[in-house]
Every structure is written in C-alpha cells, then in structure tokens.
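All remarks here apply to the structure that follows.
The values are calculated or read from the model by the stated rules, or taken from the named source; none is laboratory data. Being a predicted model, the structure only gives us computed values, none of them experimental. Cβ atoms come from the backbone with ideal geometry, glycine included; neighbour counts cover every protein chain shown.
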Amino acid sequence: MSVYKPLTGAQATAEAMRQINPDVVAAYPITPQTPIVEFFAEFVANGLVDTEMIPVESEHSALSCVVGAAAAGARAMCATSSQGLALMWEIVAATPGLRLPIVMPVVNRALSTPINIHCDHSDTMGTLTIGWVQIYSENAQEAYENVFLALKIAEHPDVLLPVMVMQDGFITGHGVENVKVLDDAVVKEFVGQRNPDRYLLDLEHPYTIGPLALPDFYYEVKRQQEEAIERAKEVYLRAGEELAKITGNTYPYFEEYKSDDAEAVIVILNSAAGTAKDAIDELRAEGRKVGLIKPKLFRPFPYKEYREVLKDKKVIGVLDRSISFGSYAPVYAEIRNALFELDHRPAMQSYIYGLGGRDIFKSEIKNVFEELLSGNVDSEKQKYIGLRG
Amino acid sequence: MSITTEKKIQWCPGCGNFGIYNAFKSVLEKNIDEGRLKKENIVILSGIGCYGYITNYYDINSFHATHGRIPPLATGIKLANPSLSVIAFVGDGDAYAEGMSHTIHAARRNTDIKLIVHDNGVYGLTTGQFTPTSPRGFKGRSTPFGNVENPINPITLMLVARATFVARGFCGDIKHLEYILERAIFHKGFSFVDILQPCVTFNDTYSFYRSRVYKLEDTDYRTDQYEKAILKSLEFDDRIPIGIFYEKEEESFEEAIRGTHNYFYERQVPDISEIVREMI
C-alpha cells in the first residue's frame, strides 16, 4: 500500500534508490546532491538494502566505479550536481557509448564561475549532446517516480543507455513535500532484476568493453548509439504506461496545463512550472487564455509532438534557467526547432530567468503572459526576468 | 599595515580556520611592514571548503578556484611571473582527494609555490563526511558504522614525492604556526605545510591534538636528514610531532626551465611594421 511521507526531493530520491536496492552505489559529496547519498548511506547502515556503498575520492571516480560495476552486470547508481557533473564529464561522455544502463539523479545547480551552490540548469544543459536520456522533474513526487521510469528505460534491451533524472537544487532537493511512496513489494516487482545479455566476469562468454575503434568502426558504433536513443522515445511512453498502473499518474513527454484553448503558452522546466501553474490559475480566473507546457523527457527530444500541440497557438514564451552562450537558450532552441515545419508559426519569445538560484515570482510570470498577449515579442531577442538593470 | 577586509567572517565560532587565518595575517603584515614582502607581489589562492572563504578575508590579490585544482593553477601563475609569491590555501579534500595527483606532481617539480593545507579530516562544508585523512573507523554522515579505509600520511607522502620543505602545524598553537608559515613562505621551492585543524561542528579534535602534539624544535631533531625525516613522519599516535620535518634548497621548476629570466617583465614586442607594410 502506498503511504504519504513528508520528504525532501533528495530524500524521495534516496527512498526510490532504497526500493530499487541497487548492487552498487558510489558517491562523493557535492552540494546540493549530498543528502541523497547520505540518506542512502543510512539505509545501508541500517541494513535496509544489500548495496555495496563506496564513498570514493572524486566524482570522476564515482561514475568510473559505477561504470565498472554496471559492466560487470550489476545495477549501479550514483548521483551528482554541477561541479561534480563537470568533473566526471569524461566518464559521462563515455558511458552512452559503452551502452551501460546507469541511472544518475542530478540535482541541478549553477556551474562555476562565479562559485554558486544554488539552482539553475547550466550543469545538465551542458551535457545535452552526448547521449544520456534526460528526464526533468517538477517536484519531489516526480523526482521519486522518475527514478523508476529511468531504470525501466535504461535497462530496456532496445535502449541500454544511461539516464539522468533532474530536480532543482534546494527548491526541490531540500524542500519538504508530501510524497506518495509506493509499497516496497510493488516497486520490487516493477523494477525486477537486471538481466544483462552480456557482462564482464562471465568466463563462458568473455568480451571486451570500450576498445579502440578508429575510422574503420567508430562511425557505425555512434550511429547504433543514436538509433538506441531514438528508440528510447517510444520506450519512455511504454515504460510510463507500465508505471502509471502502480502510481496512478501519467508520463507524457510533457505536461500540458490549461494549454488546450490557450492563446499564450509558456514552456518551463522543473520547479518553476509549479509557480507558473499558480500564475495561470489566477490569470484564468480573470478570463485570460493562458497555459503551460512543462517538458519532462528532454533527451531524446520529441519535436513532432511539441509541434502538434503548439501549432495553433498565437504566441509562445520559453523560459530557460540557463544561458547557451553565443546561441539561443537550450529549451527555446528546441521549441523553435520543433516549429520549423509549420507554414504559419506562432510568435515566440525567449526569456532567461533564475540563474544562480535567483527566485522567480508569480508576478513575473504574469508579466510574461501580459507581454506575450500584448504582442511585444521578438523571436530573435532574448529577454531577462528579474535581472538587475 | 593591515591586510584584513571588511568582509564578515562566516566560520563557526571556534573553527580551526581562525588560528590559520590569524597566524598567516601576522606573518604577512610583519613581513610587509619590514619590507621583506611586497603586498602587490603576493597572490593567494583557495579551493573549495569552508576555509575557501579565506581569500575574501585578506586584502591581497586572490583566486578562489575549483575543488582540487589549486597546484596546477598556482604553478601557472608562478611560471607566468616568477617574481610573485604564490601562496595557496587548500583543504584535505582538495589536496588529498580530488587533487591528490596535482599535489604530488607539484611537490616533485619543486615549483616555488606554498601549499598550506587546512587538514581537519572531514568535509565540513558538505556537513561531515570522511576524507582521506580521517582515521579508520571515523563515524560520519556517509559512514555511520565507521569508515573502513586507512588514512594517508601527508607528511610521508610529501617527503617521498620529494617536496623540499615539509612541515606540520597545529592551528591551536598560533605562535609556532607563525614560525612555520614564515619559514615556508621564504623557502625557495615547493613548501608544504599540513595544518592539524579541528572542525568544531563535525570533527572536534582540539583536545585530541592538544594532548598529543609536541614541537620538533624543542628536541634535537635536525631538518636536513631525509631518511630520518621519513622515519619521524611515521610517528602519529600518542605523540604527534609538529614543526619542520625537512628542508633543502634545490633548483626550482621555474629556474630549471627558464633560468633567471622573467618573461613577464622581459617580453619584447617584435617589430612587425616591416612585414605589415609588405603585406599591404
């Protein structure tokens, strides 16, 4: 039976990890991810999991260790944030090519410099091109459930790719919410056992992992990797349907909030989507036709599906919590890309907000809608919410 | 001359960082006043940890860098302008975990940089996990039943890595620490000072250290005997020696690769006007 527990996003993630009971977890402290592995260490100490927990000397080692364990056939996990993700980048980039189904919760935090421990999405947006499946979570409940979803996708034989599950640092990670926690036995059945088709240390079927592939084969290996992440799009929906049966929630590519008949729609990731929903409720009460699209699956990116729901909108505002220096902001660029095939495209405006943890307020989101509805938009000019003059 | 800033110090009351902060401040102010150091020629660096704020509290050129990467950064600064005094504050996480290999290579190169380690045996900023210098059995937030790894011995490690100045200080003995820091700063070549420091919140070792430390300077120990220094460094139980273990003058890295030249001051802009004229 499911029970409601007051949990932080980090605790909810640790709870999901406890229920998965991975064989190996490797960790190195990095704010604001640290509580995930601390709560998990408590589970290890209390004998609630059978996990081999290894506190290593750096994040580079943490993911390396998990890669080794996963290659040997284990279910292995780690978690990180910002500078930790940056330090492990070499292995982050290598993992998809190794086709290892590793699930890594990432608690979003601004990248240095300046040094900042608070939330923005510059850390994970920096890893978009290297082949991890990426799922973003609005709150602790989603952060909890998305870990199970991620595991199903990662280990699916059509996919076999690593998956990152994101939540906002401090806002979600350290904020306490009521989280509906599934029954241990139900999760156990849902996640099952990892059954790798091949693994190291199998003396009957020895194989090599990660060898050299020069101009003769590298290209083909990468194309196979690309086909796998393309398949992950469909697997995401199927795994979501399966998960829906035990959670009662749904797992579309993106959440549509009052966007059906909306003239102005904003697109926004993670926790700020919650603030946006409040702003939309108030504007709706005044009779304004406004709505929200909240991306969940960000890699692979479902371009066609976005085009379908956005094609008849009058105007779209995309709010990014990171800058893509020298180009359009990451979420904006994808939405803009998705609409290319349309004959009559909606008007668009790109906004940056919340860098380094700066708060975004309901009033600011309402102002965004006012601006969008007024027609004062320029698809080529980025605007800034809450930036000092 | 005061080298403090108006920035409010954010460490916990009783933090070991205060001892290091005050000792370093006294040494610098004294030597700047007496003309042995030029304030504008000093660069201080810090990495990540509570101690990392230290660069905010001194009115000195500074660079607050990423976790673990201080030695290569300091090496770069020193190579670019060898007339600078490059003094780096690092933590036990920086020096012995994420940046362990950097520490060893900086020592063996004998770059003329000073590494001052805030060694409190715990990750205080992330609230209490064990580090490479936490004793075996250390109970922290990530190891409630005690860690099962052996700690490293930084002094032995640095001796074996051929550091030319190796010392251990204790933040609870500020006068003695001042003596070590002054010697470290004026040593030509790589100076390494590991400072035993409690974290009053997560690893309070004040009384543990205070009851065990004794000064090498109070004994007949000599600092010029390499093998004996290694043997001495192994002593870390009921009695813990603090002081200078070893010092030796050798050619520094920057001297080895560029002699006495300082290209920062000597660089000459080549006259390319003739070439430009031809091209036009």
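Within the stretch B:98-111, which residues are more than 14 Å from chain A (Cβ to nearest Cβ) and out of contact with any strand residue (DSSP E or B) (no Cβ under 7 Å at 6 or more places or on another chain)?
Within the stretch B:98-111, B:His105, B:Arg108, B:Arg109, B:Asn110, B:Thr111 qualify.
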Review point. Can you list the helices (runs of 4 or more DSSP H) found entirely within the stretch A:53-146 that contain at least 2 residues being in contact (Cβ under 8 Å) with a residue 60 or more places away in the chain and either more than 20 Å from A:Pro22 (Cα to Cα) or within 13 Å of another protein chain (Cβ to nearest Cβ) (or both)?
Key: A:89-98, A:122-125
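I'd like the residue in the stretch B:176-189 that is under 14 Å from the mean Cα position of the chain (by Cα) and part of a loop (DSSP other than H, G, I, E, B) and, out of all such residues, is surrounded by the most Cβ atoms within 10 Å (Cβ to Cβ).
Taking the candidates together, the pick is B:Gly189.
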Check your understanding: Would you say A:Val106 is buried (at least 20 other Cβ atoms within 10 Å of the Cβ) and within 18 Å of the chain's Cα centre (by Cα)?
Key -> yes
Review point. If you go through the stretch A:9-28 one residue at a time, do you hit one that is within 14 Å of another protein chain (Cβ to nearest Cβ), of a type in the set (A, V, I, L, M) and over 21 Å from the mean Cα position of the chain (by Cα)?
Key: no
Practice item. For A:Ala41, state whether it is at pLDDT below 95, among the aliphatic types (A, V, I, L, M), crowded, with 19+ Cβ neighbours inside 10 Å and assigned by TED's automatic domain parsing to the domain that holds A:Thr208. Key: yes
Practice item. Give the residue, chosen from A:Glu189, A:Glu204, A:Glu234, that is in a helix (DSSP H, G or I) and loosely packed, with under 12 Cβ neighbours inside 10 Å. Key: A:Glu189
Exercise for review: Quick one: count up the residues across the stretch B:226-271 that are more than 22 Å from the chain's Cα centre (by Cα) and part of a loop (DSSP other than H, G, I, E, B).
Suggested key: 12
Practice item. Determine whether the stretch B:116-124 contains at least one residue that is of a type outside the set (A, V, I, L, M, F, W, C), within 11 Å of chain A (Cβ to nearest Cβ) and surrounded by 20 or more Cβ atoms within 10 Å (Cβ to Cβ). Key: yes
**Study point:** Condition broken by B:Ile104, with the remaining ones in (1) touching a helix residue (DSSP H, G or I) at 6+ places or on another chain (Cβ under 9 Å); (2) more than 23 Å from B:Tyr265 (Cα to Cα); (3) part of a loop (DSSP other than H, G, I, E, B) satisfied
**Key:** (3)
Point to revise | Only listed residue being touching a Leu at 6+ places or on another chain (Cβ under 7 Å) and touching a residue at least 24 places away in the same chain (Cβ under 8 Å), chosen from A:Pro302, A:Pro295 | key: A:Pro295
Study note, to complete from the structure: If we keep only residues of the stretch A:207-220 that are surrounded by 10 or more Cβ atoms within 10 Å (Cβ to Cβ) and hydrophobic (A, V, I, L, M, F, W, C), then the residue nearest to A:Pro35 (Cα to Cα) is A:Ile209
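Here's the yes/no breakdown for (1) under 21 Å from A:Pro32 (Cα atoms); (2) at pLDDT 95 or above; (3) within 14 Å of chain A (Cβ to nearest Cβ):
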| residue | (1), (2), (3) |
| --- | --- |
| B:Pro71 | no, yes, no |
| B:Gly91 | yes, yes, yes |
| B:Tyr96 | no, yes, yes |
| B:Ile113 | no, yes, no |
| B:Thr126 | yes, no, yes |
Practice item. Please work out which one of (1) over 12 Å from the mean Cα position of the chain (by Cα); (2) surrounded by 24 or more Cβ atoms within 10 Å (Cβ to Cβ) is the condition B:Ala88 fails and give its number. Key: (1)
Review point. Inside the stretch B:51-69, can you point out the residues that are assigned to a loop (DSSP other than H, G, I, E, B) and within 14 Å of chain A (Cβ to nearest Cβ)?
Key: B:Ala65, B:Thr66, B:His67, B:Gly68, B:Arg69
**Study point:** Residue list for the stretch B:139-162, restricted to those being of a type in the set (A, V, I, L, M, F, W, C) and either surrounded by 21 or more Cβ atoms within 10 Å (Cβ to Cβ) or part of a helix (DSSP H, G or I) (or both)
**Key:** B:Ile155, B:Leu157, B:Met158, B:Leu159, B:Val160
Study note, to complete from the structure: With criteria (1) touching a residue at least 40 places away in the same chain (Cβ under 8 Å); (2) part of a helix (DSSP H, G or I), A:Glu308 comes up short on (1)
Exercise for review: Could you tell me whether any residue of the stretch A:242-251 is more than 26 Å from A:Val377 (Cβ to Cβ), free of Cβ contacts under 8 Å to residues at least 24 places away in the same chain and among the polar types (S, T, N, Q)?
Suggested key: yes
Exercise for review: Determine if the stretch B:163-175 includes at least one residue that is in contact with a helix residue (DSSP H, G or I) (Cβ under 6 Å, 6 or more places away or on another chain), assigned to a helix (DSSP H, G or I) and under 28 Å from B:Ala74 (Cβ atoms).
Suggested key: yes
Exercise for review: Given the conditions (1) without any contact (Cβ under 8 Å) to a residue 12 or more places away in the chain; (2) polar (S, T, N, Q); (3) part of a loop (DSSP other than H, G, I, E, B), report the number of the one that A:Thr31 does not fulfil.
Suggested key: (1)
Review point. Can you tell me which residue in the stretch B:236-280 is nearest to B:Asp112 (Cα to Cα), limited to those that are touching a strand residue (DSSP E or B) at 6+ places or on another chain (Cβ under 7 Å) and either exposed (fewer than 12 other Cβ atoms within 10 Å of the Cβ) or not small (Gly, Ala, Ser) (or both)?
Key: B:Glu247
Check your understanding: Quick one: in the stretch A:33-52, which of the residues that are among the acidic types (Asp, Glu) and farther than 20 Å from B:Thr127 by Cα is farthest from the other protein chains (Cβ to nearest Cβ)?
Key -> A:Asp50
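Condition check ((1) in contact with a Lys or Arg (Cβ under 6 Å, 6 or more places away or on another chain); (2) within 19 Å of B:Asn81 (Cβ to Cβ)) across all residues:
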residue	(1), (2)
B:Phe236	no, no
B:Ile240	yes, no
B:Gly243	yes, no
B:Glu247	no, no
B:Glu251	no, yes
B:Tyr265	no, yes
B:Pro270	no, no
Review point. Is it true that some residue in the stretch B:26-40 is part of a loop (DSSP other than H, G, I, E, B) and either of a type in the set (A, V, I, L, M, F, W, C) or buried (at least 23 other Cβ atoms within 10 Å of the Cβ) (or both)?
Key: yes
Check your understanding: If we scan the stretch A:21-34, do we find a residue that is under 20 Å from A:Ala185 (Cα atoms), crowded, with 19+ Cβ neighbours inside 10 Å and of a type in the set (Asp, Glu)?
Key -> no
Review point. Any residue at all in the stretch B:65-88 that is closer than 19 Å to B:Tyr179 by Cα and without any contact (Cβ under 8 Å) to a residue 60 or more places away in the chain?
Key: yes
